[in-house]
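Engineer: Handing you this structure, nothing more for now.
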Amino acid sequence: MIGLDTNILVRYLTQDDPLQSPKATEIIERRLTEETPGFVSIVAMVETVWVLDRAYGLPARKIAAAVERMLQTDVLVIEDEQEVFTAMIALKQGQGSFADAVIAALGVRAGCSCNPDIRPQSGAATRLRTPLTCAVLARSIFSSDYIIALVRLALPTTRTSKQVLLMVHSPFC
């Protein structure tokens with residue numbers, strides 16, 4: 001396995017540097033194989049998304065598409081792939097920042113019951129702060145019974161339906 005840092009990912013995705021982009025392309029398209037894949041750490045993934053957003057000003061839908069392509073690539077091993085996928089969906093649906101969604105999804109896996117946000121609430125970027133990421137994303141699409149089932153799967157302790165719904169809709173979580 002070959003570790004890939006943020007610079008290689010950004011140079012490959014943007015193809016904007018006449019010296020570094022061809023080197024990144026060589027590594028990703030010619031050196032990586034299913035037998036010798038490239039490893040993308042969660043840190044490199046979050047940094048890559050941040051750079052594409054802040055330094056390049058790409059829209060969320062294009063960034064989400066790039067993350068989705070990386071997740072689908074057979075020659076890449078993505079650390080915390082499920083959480084990256086959840087964050088990509090959140091970004092694609094305008095449910096908050098990629099980094100916040102990764103933090104929330106990792107919190108779900110760790111068994112956190114809450115991940116409060118003390119920042120002033122202002123718009124889409126602050127909607128997704130709870131580790132109940134799957135429930136928050138789903139609550140406008142699925143029934144309460146389905147959300148309760150998702151949360152029960154994500155949390156280590158059994159909770160009543162009422163407790164789960166209170167957690168999902170809490171202003172602090």
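Each reported figure results from applying straightforward, stated rules to the coordinates on display, with no laboratory input. Remember, predicted model here, so these are calculated numbers, not experimental data. Note: ideal-geometry Cβ built from the backbone for every residue, glycine included; neighbour counts use all protein chains shown.
Engineer: List the residues whose amide H sits under 5 Å from the amide H of F39, counting only those 5 or more places along or on another chain, with H placed 1.01 Å from N in the peptide plane.
Structural biologist: I2, G3, L4, V77
Engineer: Distance in nm between label sites at T36 and Q82, each 7 Å beyond Cα in the beta-carbon direction?
Structural biologist: 3.2
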